[in-house]
Structure formats: C-alpha cells, structure tokens
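Q: My questions will all concern the structure given below.
The values are calculated or read from the model by the stated rules, or taken from the named source; none is laboratory data. Because the structure is a prediction, the values reported are computed rather than measured. All Cβ positions, glycine included, derive from the backbone under ideal geometry; neighbour counts span all protein chains shown.
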Amino acid sequence: MRKDYKKLMVIGSGPIVIGQAAEFDFSGTQACRSLKEEGYTTVLVNSNPATIQTDPETADSVYIEPLQVPLIIKIIEKEGVDGVLSGMGGQTALNICSELAESGELKRLGVSLLGTQPDAIAMSEDRELFKETMERIGEPVPLSRSVTSIQEAVEAVKMIGKYPVLIRPAYTLGGTGGGIAYNEQELVEICARGLAYSRIHQVLIEESVLGWKEYEYEVMRDSKDNSIIICNIENLDAMGIHTGESIVCAPCLTLSDKDHQRLRTSSLKVIKALNIEGGCNVQFAFNPENGDYRLIEVNPRVSRSSALASKATGYPIARVATKIAVGYTLDEIPNRITGTTYAAFEPAIDYVVVKIPRWPFDKFRTVDRHLGTQMKSTGEIMSIGRTFEEAIMKGLRSLEIGVKGLDSMNFTNEEIAEELVNATDKRIFAMGDALRKGWTPEKIADITKWDVFFVKKIRNIVEMENRIKSGPLTKELLKEAKYMGFSDEKIAELISRPESEIRKERISHGIIPVYKMVDTCAAEFNAETPYFYSSYGTSTEAKKDDKKKKVLIIGGGPIRIGQGIEFDYCCVHGVMALQEEGVSAVIINNNPETVSTDYDISDRLYFDPITLEDVLNVIEAEEIDGVVCQYGGQTSVNLAVDLEKALAGTKTKILGTSPDMMDVAEDRRRFSKLMDKLGIKQPESGTGYSFEEAKEIAESIGYPVLVRPSYVLGGRAMEIVYSTEELKLYVETAVKVSRNHPILIDNYLTEAIEIDVDIVSDGKDVYIGGIMEHIEYAGCHSGDATMVLPPFTLSKKIIGDVICICNKVASALEVKGLLNIQLAVKDNEVYMIEANPRASRTIPFISKATGIPLAKIATKIMLGKTLKDFGLSEYKEIDHYAIKASVFPFLKLPGVDSILTPEMKSTGEVMGIDQDFDVACYKALVAAGNKLPKGGGVYITVNNADKERVLPVAKELLELGFCIYATKGTSTYLRENGVETTTVFKIDDNMKPNAIGLMREGKINLIINTPSQMSGPVRDGHKTRRLAVELEIPFLTTIQGADAAVGAIRVAKEESFQVRSMKEFHKL
Amino acid sequence: MAKSYLVLEDGSVFEGEPFGHRAPATGEVVFSTGMSGYQESLTDPSFRGQILVMTYPLIGNYGTNDDYCQSEQVHTRGLVVREYCKEPSPMYGGHTIDDFLKHHKVPGISGIDTRDLVIRIRTKGTFKGAITEDKEGIEELIKKLQRMPSPSESNLVEEVSSKKIEKYNFGKEHCVGLLDCGEKSGIVRDLSKWFNVTVFPYNTPADVIVDHKVKGILLSNGPGDPSHPAILKTTARTVADLSVQMPMFGICLGSQIVGVAMGGKTYKMKFGHRGSNQPVKYRGKVFITSQNHGFAVDENSLEGKDLIADQINVNDGTVEGLRHRDLPLFTSQYHPEASPGPWDTSFLFDEFAKAAKGGRR
C-alpha cells in the first residue's frame, strides 16, 4: 500500500565516470516518473546537467548542485523533504545516504530513507559484515579477511593459504583500487593503493576463485517478502575480469535448471537476509569442476546490471523498485508491458541478449589495455538475437570500433597466446584469429576459461566466413549467414563486392529482417509495448502505424570518451518534441544504460546496431518519413551522407541541415574555402602528405602548431607540437603520414581564449543559445575545458563579432536545426576553429543554464516551425553564471597523462550554477570531485611567461592562510615581489625537499604548475601529475584555472552560498 | 539438408530441419516458456500426447544428464525448437539433446520461428499438429489432423501410470502413498525426505490403499483430462473415499481430480500454463511456480462445495490450489517439486508431512 509522504527526494549519481554511466540517469528518471504517477511531490538533485533527470519536467523541483552531504541537507531543509530514495543514484547516492544516516542528520531532519536501508547498505558493502551475514544463512563466500594495513594483509594471505589472492577495497566505485596479487610484492603494491581509495581505509583479502564461472542474478523483493528474479546473466569471461569488463549474455545459457534453481534460491535467501526492499544484484562464482559456488558480491540498489536486465527483459526494475520503496507490493504493481499482468512474476525471454563493454583505449594509446578486476570501460552495448551468433555479431558491430563483426586483427600465434592468457579488449578477436589459424575450441576454452560452448559458437561464425568466402553465395547460404547475424557489409567484405549489391541480392531473395518484440513473457501474453529487435524468421510484429507521420531519430550508441550522455539527452528531447508535434517518434539505439532506450520514451524503440543496413531496414519496415541525424553524435552524423544516397528517390528525407552542408563543415578544404568567402579568419593551416612537407608547412606557419590526421574525426590523435623533433616523433609514433593519409597542420594560437557557441537556426533567423568562454586557453579540447556561460572576460565588441560570425556561418551552411561553433580570440581578433551543424556536447548544459530547451526547439524547426514561433531571436542574456567542469578517468587508467591537450580525455561533466561567479566555480569544481583545500600547502612552479600572472594568485593564497612552496625560479620571483615562499628542489634534481616528497607527506594540498611550452607539455612534470591524481590533489595547469580555483577556495572557507532550484533560476 | 515440417490443423506449415528420431508424429501442440529444464519437461509424463514447443530459442545448451529425468521415458511426441545445440557445454557430461531424442525415439524439428508459432497458439488456442518429413503428404495430413480426436480424449493416464504397487524404502519411520497418474520423480524425491513411499496405480481402489497403512496420500500430476470417464470411474472415486480417512495432497492433475471428486468441474484452457514463472498468490504472498497444465478447475463450480480455492494465479485469476473446509486435504495446481522450475513452494511438502505425521484428524 502507498505510504504518505509530503515530498520525496531522488539523488542522482553525478557526472559520468568509469563504473557509473548513463544507467543512473535511466533509473533516476524512471524513479521520478514513477513517484509522479503516484502523486508525490518530488525533488531531484544531481550535478550532471547532461541528464534527462535534471530536466524541469522530471521532478517538481530540480537542483543542479554538487552531490555533497552539506548541500543535500540544505536542499532537504529548504524544500521540506520528508523522504529520500537511496537506491537510484548508484554508489554515489548510496554513500550520501549512508553518511546522512550515520551522522544522525536524517533523524534530526525527520527524514525517512526509502528503499535500501543503512543496515542493508552496511551488510552488503562492509565485507566483514557481509561475510558474517552469509555465514549466518549458510551461504558460501570465499575465504577472506578484512584488513586495514599492509601487514595485516600479509597475515591474511597466510590464513588463506595460497596466492593468488584478490584485493577488494570497501566502498569504492567499479572496483577502483582493487586487483589480483600473485605474490607478496604485488600484494603490498595493490593494498597500498586500495587502502588509499577506500572511504573507510579497508580492503578485503580474498581466496581466489579465478577461472570459475561468473553468474549474476537480478532480484526484487517487497515488504511482504515477495521475491522474484528478473533475469540471470552469464559472464562469458570467467572470474578475474570485472563483470563490467566482461562480455555477458542473458539468460544464462550453460546452467542446468537444477543449478539455476540453486543459485536462484540462494539469491532469494540473500535479499531476504539483507532485508532489502527493492532491487539488488547478486554475483556468484561457480566452479565448473564440481558445481560449488561462492557468493561474491551484492549490490543493494539498482545498478548497471539492473539497467541491462531491464532492457534485456523489458521489466522496469527502477520503476518497480520505486513503487516498492513507497510501500507497494509486487502484486499491486501492474506490468505495463502486457497491460494485463502484474509485476509479481519472473520474465521469460525468448532471445539471446549479449552485452559487450566499450573501452576508451582508442583514445588513450598509452594506457594499459589489460582487463582485470578494475573497470576501465566507459560504456557498453547490448544486442538481441534469436541465436547467440546473431547477438554477438550484432553486438560487435554496435561497438563502433571500426569492425563489421568478428573481424580478423591478423594476430600472430604469439600474439594470440598472449591475448588469450592476458585479456585485453581484443580477446574475442584473438579468439576469432586463433580459430582461423586452426586452434581448437577446447584449447582456447582451456586457456581463457570460457565455456567451450561459447568458443564453439565463435567457431561457427568463423566457419560461416569460410563458407561465404568459398562461395557461391546461394540463397540458402545467404539466409544462413543472415540468421547468424552477418551484416551485408561483412558478407560484402568477405567476397570483395559492394555492400549495396549484397543488399539488393538479399532483398530480391526475400531475405528481409523481421522485428520481434521484447515483451517480458516470451509471447505468452499479448503485449502492447513497442520495443523491438531485428532478426530473421517467418513473422514480424512491428505493426505500421499508418495515420501519423513518422520520424526516426538515430541514437548515439555506446558511451565513450567524446560521446557521452549528452547525445542521449538530445535524442530524448528530439522524441519529446516530435510527440508534442503529433509525430510518431521512432528510436534506434543499442546502449542499454540510457533513457532513450527506455521503452516508455519513444513511440517505437528498435534495439539494434546503428549501421547503414540496420537503419535502412528500420526505415523500410516502418515506412519512415523523416530521419534526424543531428542528435546521435558522430554515430548518426557519420551515416548522414550514405543514408541520403541510399534514400534517394524514396519518400524518406533527412531532416534539418542537408548532409551536403554537414559535409562542408566536416571537410577541411570545403570549409576553409567557405570561411575565406565569408571573410572569417582562420588560423593559418596546411596539409602535409609527407614528413618533409609537414615540416615545411610547420616552419612557415611557425611553431607551436596543431597537428592531426585528416581522416579521423573528433580530435583523436590531435596534438600540439613545439618543434621539428616533436613533429618527427608525432609522425613516427602517433600517425603515419602518406599520400592517402595526409596530416593537417594548423597554427596553434598560443594564449588565445576559446569560445563555444551553440546556435539554433531555421534557415533564416538565428538564435544564439549561449556563448561559453573557456577558462583554459585554446588547445584544450572543448570537451575537457572548463566553460563559463556567459563569457566573463570578453568585451562587448568581441561578443558582437562572435554573434556576427555565427549569423554568417549559420546562413551559409543553411542550417536547419543546431549548429555548434568553436572560435578563438587572440589580440582582439576572432578566429574560426570549427563549425559542427549538429547537436553538440554543450546543448544540455546551455539548455539547463538558460532554461531554453534547444534540442526540442531545433527538432520542431526541422519539422517546419520557425524561430519566430518560439519568440526567439538573437542572444539572450542571463543573470547568473553556469560553469561546466569535466571529470577525468586518470585514477582508473594508469598510463594516461593528466595534462589537458587537444585530445579529449574526460568521461563526464558537471555544472555549477550561481549568481556569483566564484560560488559557481566552487560548485563546479567540487561537483567534479576536486578536493578543494581550505588551507595547507600550495606548490607553485610556472613557466617564465606566467610568473607575473601567478603573483596575484599567490598573494591571495597567502592571504587565505596557505603556505607556499615553489621551485627556485618561481620562488625567487615571488619573494622579490613580496610573497613569502619555501623553496624546494625540482624533481629532476633528486634532492630533498621536493614536491613529490612533500606531497606524500601530505604537506601539499594544491598544485599550480604551468608547463613550459618549449619542452612539450606531455613529458614535463609527468610524475608530479600522476602522484597528484593518485593522492587526489587538485592540479592546475593554467593561471586562469588557478584564479578560478582560488576564488572557489575563498567560497569554501566562507561557506556562504545557497542552493537554488532550476525553477528559481529560470523563474518558471 | 533434409527438411522437416511442422503442420497444424489450421493448415499452417512451418519448414525446418529434422533432429532426434527420424519419424513422423502427431499430437497437441503446446508451448513452454521455461528457459531451462528442457530435459525435465521432455520426461514429464504430463506432456503425454503433446508436441512441445520451447519458446527459448536455444535448446540443449547444457546437454542431457540422467539425473534430470523425471521418468524413464520421453513423453512428448515431438519437440519443436528454434535451434538445438549440437555441441553443448561439457559441464554436465556433454550428451546432446539430439542423441537423447534419438535414444528415446522421439522426433524433433528445428529452425522454426517458434515465436511466430507461439503467437498463433496464444491467439487461437492449442492446435493439433504433426511433424513430418513427407512434403507431398502434407495436404492429406492436414485433413487427418482435422479429423483426429484430441489426444486428451484417450486415457493418457493409463499409458503413464505404474502398473503395479511398488514400495520404496528410504529408511523412514512412516510411509505415505502416491497415487500415480503419471508422477514425476521429483515428487518421490521430495517425499523421501520424510517418508517411505508406496506407489499405487491410478485406478487403485481406496480400500487397497488403506490396507497398506499409509499415513497420507499424494495424488500426482499426469497428462490429459481430469474429467475423462476413466478417471471419474477410478481415481476420482478413490480420492472421494480416501479424503475422509487420511491427509491428502494433490498436485497438478491430482489437484484437478480432487476438484472433480469433491463435486467441482474442470475445463480446458485456451493454451494452458507451461513454464517456470507463473505467479501464485497464497495466504497474501506471491510465489513463483513451475507449471504444466492445460485443464483447470472452474472456481464457480465450487460454490456450495467443501473446497475453497485458496491459491489464485496472479496473472489470470485461475485456480492454483484447493483446500477442504474441514478435512486435511489441499492441492496445488503447480509443481512444488519443481524439476524444472523454482523451489519456492517446497514448503507444501512440509505441510503435507506434518499432516501425515499427525495421522487422522
């Protein structure tokens, strides 16, 4: 039964980080909608502006504030919240709720915790308590001991009896700081790190179950102890590889019913023992030799796995968990998929679901790619098929890593052996190559500890490749290949024919995909839910809705660096706008974490890869009228030109800006020509087809220059080089230059201010959504830069110039929809860097900061409305500051340098918003996870050019009570100018005191280090930066950044800020 | 590649490939939504006379293993799958379902769009159908199917019930009887935790059972129509007679027979309940149950009778369990012995054991 509350709060999970991605936008949004349905007044808090849940419509009051206990308390008090949902915002929200409960604040405020209770959190998170609880109910756990020091860890291994052992830090995200130790040296190393990461300085030393199979159960339970399993999941990768890093399938394919029931029964016992009311995830290790199992972990909340389980089964876990949290029981909650049954049942599925993680290694060339107990992936894809082969082939091509399926990587036998033993992201491809070279499935299974069942499925794919290659491509063979999930493109590649020909031939044979429904019940009941996947068979269930106009929005695929949740936000807004206009909104996407793949969002959802073939298939099946390619980031933009070609002569149109104009913006030559014509300045540039040519161009432009390959989009492999030697190194190590693959060389505007502008245009008028000034100088990727809206240093004249340029470009590109422009300002001149006629990363940020939903408006414009219809024109001033700060994965990815460069490195973003600039800065920095010190030591070492400018910063820090350490040059300068400092040695001098030693001693709490530009930023100060990352010491590499941070520190000391909801900002 | 056909009485023909035993078969085409437990289902005597469609598209993934058999035979007349696994996981010994069906001389057909088929069954109800490799004979076969009586019109229980009284000693103090209408071995397994078990043929009269001094009687699952004349004459009568003499527990068909014996009526469902995920509400709580039945007790027919439908299906409100107002007699339409399916309701055996140990009321 529903309980009475006045106002309920949902806490989000903050920025996207490794281990916490869009799944909590999905769960938090579902939770809010679920509460609204029940008539509760809701308050939502999240620092991440790129989420759907921070939309004004999601909750009655939305706060974009840092997820910090003191701020949450302020909001609770201000709003009169009397209940907080604990389980919807991942580990972040759970930790906040634990803190609120432990500190007695909840009691003081008279607030109930809904959903997972503090004791359940403790029992599942505290390893020792978990072990005790499991032993009490007779469920087996690995031998283990919790330790708080390295010495205790060594003793714990003696108790366990043998290496390897697992090290698991308590209270961290995605296994941060954990690892496997094969000997004492490794044990010491990993424990030191793990202890540092653990919120309670505790790690667990555990018996190794490496090589055992790994199974997961998603469980729900209500207050009457009704408990059900939503889904079970089989990890193809054995124990030892984090489940977030594993390829998994659902349901479990290799468990007998008896063993499935053993694990199911155990899961139900566990959720009962932990007294969880809501959802939880239970992980098992299973010994294939003798059927023994061990309970490995329980997540007492919705998780990434539960998002996957929701999408895999159609069962809305977060929605139901929310209803349970407010007092309903499972048999009282209708199953909205069938409309006739209830939430109290176990989904039956009639397909195979595969999840494959998406790793960021394409962006980070120096990172250690090995997979283990620490998560490194940023996102994932899900695919659905009626055979395992079909699901895995669809999954691989959904990853957008440049493969068409199980492509060969041309591994040698040695490389294969290495990959199979020490898995990286490429292991499945190494398996393919091994099978191509005649390795037996048994041998591969033995090395990888995969069940040979799956290896043989991979072998089926390789055998099909051979059959296709040896031809002829008969109707029967083609049909078999399609049943196995081979794409037209893959088949075409195997027999060296064009994809379009295969498509034609396939269609002429009548081999066209059917669409099957995801309905929670394996077709037992008639379902209304429009959630489909493609397969091959004898009947299709996607009914054509002929009355309405239909528009397909192409989604953004998996979350990776450079393509985050922002694009999902845009897609969802596109859907909402279409629906507001009475148009049927159809989505194609393959990311199980997101809101866009919630079956409740669009009119019809197609869970499929986003390739030309798959998109065309949906267009044909649905008889789509228009396609939106602007919203899914590179994923959809890359398809625009090909789609337009393929759709020529049909009724289906690409909506908005024409693909040809999109191409003008992407093609350097065409774009430069246009800028020249418009009289817009661009940094001097050239194209080099060999090292010599590149060198000549660079010398004539003058170093430093910005270099990048011409054939890769999105800032990948973009670098600033300061000398010919560095240019040489670049072409030797990073990018091969040749006639076919030239490199582009741009003048790098040093110390220029960079600006991002987002614009909506209807082809005639232009509305400037927002002008954002970067805090960092140009040269730092705009996805990483700290941005301020509105500009805080630009003159009226410059802003006028910017607006003028925007108008010119928008009209020249005949933009209908969104346009993002990046500009640089140097010596009072504005330069064009690039223009992208599509949704940008900053659309949700601006929309939240100004209260104008740009993506919705742009969608309606694509349908034919004009800006006038919305009363929008020119540029709107706002009376507050919104600051976007980025979060970086450096902690999780050893080997990646933390210095910001033209190549994007951040995984997510936060927004700090306030009337006062410094408070907005404070909120942004804190929300992004920076531990702003209120006192202590600051280490300053700056290049000569920055010495003068660092002086006021140093003075203010001194005033704030900081003690200043500086290297000789900086120190001398500061002292000469009246700032007292302690001189320390440079790291390279190998003398004490130096920064590294002081950092380790805890004497340095803030670092200002501007790299010397002559030596190349990447190599300078690397050690200090790495240590700062590990010790979580804020590290500022620009004077502007330091300036902003000092303002924020003052705010932190004074604690004189307030919280405001979005409504209050926008006076809605 | 050889072709095989699944033919339905409404004239639908699905093309696929044969596996298992190569022979034609006819039967009532039913589907099960269980995602695991194919071997338990194939050997469940309740499937007698039926061609089983598995909604899960990959069947046979973990192979077959003697431990999972619910009887010594495969009772389904055929098996319809999207894909059968030729190379199963070796975790349980690695015999294939193909070999298993060959050994038991039951044909299978694979490559069928089972979801398409299931939607037709869901929409129109269960069909009579056939598996054949004779393409030319299909038209004739359809006519034959239309004329063919439903398998449940024959006395299927007779085909699966034990022919003589058998005693199983598990070293326990007390003995209970099992009236065998087609029992699954899981039932004996669960009873053996408490009792020695004496198995009686379905048509054993009450006095014979009483003579064996059993402390209670369990009425097993089984195939076919609970209101079949052969059952009304024998089992139902035995049940009526025994109910006043000893604690009684009916499972599945056993539950329906209890309903009939106490004056209730049963009916054939559109396509029944077959799977491992059926929610049942009992004493205010929901349990996930394993089910396999095509007939059900009509709750309205119990009005004025001594039976109460105290367990109800959460999805469709059908009767899932009966309880006598006065006597120690209760039933479950579902399978507390699982095999396949969840173990959540094994407490019913505890309840039966308690009643049986308590002796007569």
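Q: Take the residues in segment A:543-557 that are more than 22 Å from residue A:399 (Cβ to Cβ) and more than 13 Å from every other protein chain (Cβ to nearest Cβ), then tell me which one is surrounded by the most Cβ atoms within 10 Å (Cβ to Cβ).
A: Among those that are more than 22 Å from residue A:399 (Cβ to Cβ) and more than 13 Å from every other protein chain (Cβ to nearest Cβ), it is A:551.
Q: Hey, another quick one. Quick check on my filter: what residues within segment A:661-697 are outside any helix (DSSP H, G or I) and at negative phi?
A: Residues satisfying the conditions are A:667, A:680, A:681, A:682, A:683, A:684, A:685, A:686, A:687, A:688, A:689, A:690.
Q: For residues that are away from chain A (no Cβ under 14 Å), assigned to a strand (DSSP E or B) and not small (Gly, Ala, Ser), tally how many sit in segment B:13-28. First the steps, then the outcome.
A: Just the residues of segment B:13-28 that are away from chain A (no Cβ under 14 Å), to begin with: B:18-28.
Filter once more, keeping what is assigned to a strand (DSSP E or B): B:18-20, B:25-28.
Now drop any that are not not small (Gly, Ala, Ser), which leaves B:18-19, B:26, B:28.
Residues flagged as away from chain A (no Cβ under 14 Å), assigned to a strand (DSSP E or B) and not small (Gly, Ala, Ser) within segment B:13-28 amount to 4.
Q: For residue A:490, all conditions in the list (1) buried (at least 23 other Cβ atoms within 10 Å of the Cβ); (2) within 31 Å of the chain's Cα centre (by Cα); (3) within 14 Å of another protein chain (Cβ to nearest Cβ) hold save one; what is the number of the exception?
A: With respect to (1) buried (at least 23 other Cβ atoms within 10 Å of the Cβ); (2) within 31 Å of the chain's Cα centre (by Cα); (3) within 14 Å of another protein chain (Cβ to nearest Cβ), residue A:490 is out only on (3).
Q: Taking the criterion of being of a type outside the set (D, E, K, R), more than 20 Å from residue A:302 (Cβ to Cβ) and in a helix (DSSP H, G or I), would at least one residue in segment A:48-60 satisfy it? Even if it seems obvious, please write down each step before you answer.
A: Taking segment A:48-60 and keeping what is of a type outside the set (D, E, K, R), we get A:48-54, A:56, A:58-59.
From what is left, the residues that are more than 20 Å from residue A:302 (Cβ to Cβ) are A:49, A:56.
Then keep just the ones that are in a helix (DSSP H, G or I); that gives none.
No, because not a single residue in segment A:48-60 is of a type outside the set (D, E, K, R), more than 20 Å from residue A:302 (Cβ to Cβ) and in a helix (DSSP H, G or I).
Q: With at pLDDT below 95 and either more than 11 Å from chain A (Cβ to nearest Cβ) or more than 24 Å from residue A:262 (Cβ to Cβ) (or both) as the only criterion, which of B:66, B:10 stands out?
A: Among B:66, B:10, only B:66 is at pLDDT below 95 and either more than 11 Å from chain A (Cβ to nearest Cβ) or more than 24 Å from residue A:262 (Cβ to Cβ) (or both).
Q: Looking only at segment A:447-466, count how many residues are in contact (Cβ under 8 Å) with a residue 24 or more places away in the chain, hydrophobic (A, V, I, L, M, F, W, C) and facing chain B (nearest Cβ under 10 Å).
A: Number satisfying all stated conditions: 3.
Q: Within segment A:830-839, is even one residue aliphatic (A, V, I, L, M), in contact with a Ser or Thr (Cβ under 7 Å, 6 or more places away or on another chain) and touching a residue at least 60 places away in the same chain (Cβ under 8 Å)?
A: no
Results for (1) within 27 Å of residue B:291 (Cα to Cα); (2) within 14 Å of another protein chain (Cβ to nearest Cβ); (3) free of Cβ contacts under 8 Å to residues at least 60 places away in the same chain; (4) touching a helix residue (DSSP H, G or I) at 6+ places or on another chain (Cβ under 7 Å), shown as yes or no for each residue.
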site	(1), (2), (3), (4)
A:319	no, no, no, yes
A:322	no, no, no, yes
A:327	no, no, no, no
A:333	yes, yes, yes, yes
A:341	yes, yes, no, no
A:352	yes, yes, no, yes
A:356	no, no, no, yes
A:361	no, no, no, no
A:366	no, no, no, no
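Q: Next question. Could you look through segment B:99-115, keep only residues that are in contact (Cβ under 8 Å) with a residue 24 or more places away in the chain and surrounded by fewer than 20 Cβ atoms within 10 Å (Cβ to Cβ), and pick out the one that is farthest from residue A:259 (Cα to Cα)?
A: B:105
Q: Residues that are over 39 Å from the mean Cα position of the chain (by Cα): find the strands (runs of 3 or more DSSP E) completely inside segment A:906-996 holding 3 or more of those.
A: Passing ranges, in order: A:982-984.
Q: Would you mind telling me which numbered condition in (1) modelled with pLDDT under 95; (2) assigned by TED's automatic domain parsing to the domain that holds residue A:767; (3) under 22 Å from the mean Cα position of the chain (by Cα) residue A:847 fails?
A: It is condition (1) that residue A:847 fails.
Q: Checking the conditions here, which among A:72, A:16 is under 19 Å from the mean Cα position of the chain (by Cα) and buried (at least 22 other Cβ atoms within 10 Å of the Cβ)? Before the answer, list the steps.
A: Numbers: A:72 fails: under 19 Å from the mean Cα position of the chain (by Cα).
Every option except A:16 fails the conditions.
Q: Can you go through B:109, B:119 and tell me which one is within 14 Å of another protein chain (Cβ to nearest Cβ) and assigned to a strand (DSSP E or B)?
A: From the options B:109, B:119, the qualifying one is B:109.
Q: Do the conditions hold for residue A:516, that is, is it within 33 Å of the chain's Cα centre (by Cα), under 20 Å from residue A:390 (Cβ atoms) and part of a helix (DSSP H, G or I)?
A: Against the criterion (within 33 Å of the chain's Cα centre (by Cα), under 20 Å from residue A:390 (Cβ atoms) and part of a helix (DSSP H, G or I)), residue A:516 does not qualify.
Q: Those residues that are of a type in the set (Asp, Glu), within 30 Å of residue A:376 (Cβ to Cβ) and over 15 Å from the mean Cα position of the chain (by Cα), I need them from segment A:529-584; list them, please. I'd like the intermediate steps shown before the answer.
A: Of all residues in segment A:529-584, those of a type in the set (Asp, Glu) come to A:541, A:545-546, A:566, A:568, A:580-581.
Now restrict to residues that are within 30 Å of residue A:376 (Cβ to Cβ): A:566, A:568.
Scanning segment A:529-584 gives no hits.
Q: Taking segment A:393-420 on its own, how many of its residues are aliphatic (A, V, I, L, M) and within 18 Å of residue A:636 (Cβ to Cβ)?
A: Qualifying residue count for the region: 2.
Q: Please go through (1) in a helix (DSSP H, G or I); (2) over 30 Å from the mean Cα position of the chain (by Cα); (3) crowded, with 20+ Cβ neighbours inside 10 Å for residue A:154 and return the number of the only condition it doesn't satisfy.
A: All conditions pass for residue A:154, except number (3).
Q: Can you list the strands (runs of 3 or more DSSP E) lying wholly within segment A:182-291 that have 1 or more residues being at pLDDT below 95 and either on the phi > 0 side of the Ramachandran plot or in contact with a Leu (Cβ under 7 Å, 6 or more places away or on another chain) (or both)?
A: A:203-207, A:278-286
Q: On the given criteria, is residue A:419 outside the structural domain of residue A:612 (by TED's automatic domain parsing) and more than 23 Å from the chain's Cα centre (by Cα)? Write out each step before concluding.
A: Numbers: outside the structural domain of residue A:612 (by TED's automatic domain parsing): yes; more than 23 Å from the chain's Cα centre (by Cα): yes.
Answer is yes for this residue.
Q: Another question about this same structure. Report the residue count in segment A:250-269 for those that are crowded, with 23+ Cβ neighbours inside 10 Å and touching a residue at least 60 places away in the same chain (Cβ under 8 Å).
A: Counting residues in segment A:250-269 that are crowded, with 23+ Cβ neighbours inside 10 Å and touching a residue at least 60 places away in the same chain (Cβ under 8 Å) gives 4.
Q: Moving on. Buried (at least 23 other Cβ atoms within 10 Å of the Cβ) and more than 11 Å from chain A (Cβ to nearest Cβ): which single residue out of B:71, B:41, B:36, B:4 fits that description?
A: Residue meeting the stated conditions: B:4.
Q: How many residues does segment A:121-151 contain that are of a type in the set (Lys, Arg) and either within 25 Å of residue A:90 (Cβ to Cβ) or within 32 Å of the chain's Cα centre (by Cα) (or both)? Even if it seems obvious, please write down each step before you answer.
A: Within segment A:121-151, the first condition is being of a type in the set (Lys, Arg), and the residues that meet it are A:127, A:131, A:136, A:145.
From the residues that got through so far, the ones that are either within 25 Å of residue A:90 (Cβ to Cβ) or within 32 Å of the chain's Cα centre (by Cα) (or both) too are A:127, A:131.
Counting residues in segment A:121-151 that are of a type in the set (Lys, Arg) and either within 25 Å of residue A:90 (Cβ to Cβ) or within 32 Å of the chain's Cα centre (by Cα) (or both) gives 2.
Okay, residues lined up against (1) within 18 Å of residue B:258 (Cβ to Cβ); (2) buried (at least 19 other Cβ atoms within 10 Å of the Cβ); (3) touching a helix residue (DSSP H, G or I) at 6+ places or on another chain (Cβ under 7 Å):
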residue: B:173; (1), (2), (3): no, no, no
residue: B:187; (1), (2), (3): yes, yes, no
residue: B:196; (1), (2), (3): no, no, no
residue: B:241; (1), (2), (3): yes, no, yes
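Q: Kindly evaluate residue A:588 against the criterion of being crowded, with 24+ Cβ neighbours inside 10 Å, closer than 30 Å to residue A:498 by Cα and among the β-branched types (Val, Ile, Thr).
A: Criteria met by residue A:588.
Q: Further question on the same structure: Report, by residue number, each residue of segment B:277-329 that is assigned to a loop (DSSP other than H, G, I, E, B), more than 14 Å from every other protein chain (Cβ to nearest Cβ) and touching a residue at least 24 places away in the same chain (Cβ under 8 Å). Give the derivation first.
A: Of segment B:277-329, the ones assigned to a loop (DSSP other than H, G, I, E, B) are B:283-284, B:298, B:303-306, B:314-318, B:325-328.
When the remaining residues are screened for being more than 14 Å from every other protein chain (Cβ to nearest Cβ), the result is B:298, B:303-306, B:325-328.
Result: B:298, B:305, B:306, B:327, B:328.
Q: Quick check, is residue A:274 away from chain B (no Cβ under 13 Å), surrounded by fewer than 24 Cβ atoms within 10 Å (Cβ to Cβ), in contact with a helix residue (DSSP H, G or I) (Cβ under 7 Å, 6 or more places away or on another chain) and in contact (Cβ under 8 Å) with a residue 60 or more places away in the chain? Lay out the reasoning, then the answer.
A: Working: away from chain B (no Cβ under 13 Å): yes; surrounded by fewer than 24 Cβ atoms within 10 Å (Cβ to Cβ): no; in contact with a helix residue (DSSP H, G or I) (Cβ under 7 Å, 6 or more places away or on another chain): yes; in contact (Cβ under 8 Å) with a residue 60 or more places away in the chain: yes.
Answer is no for this residue.
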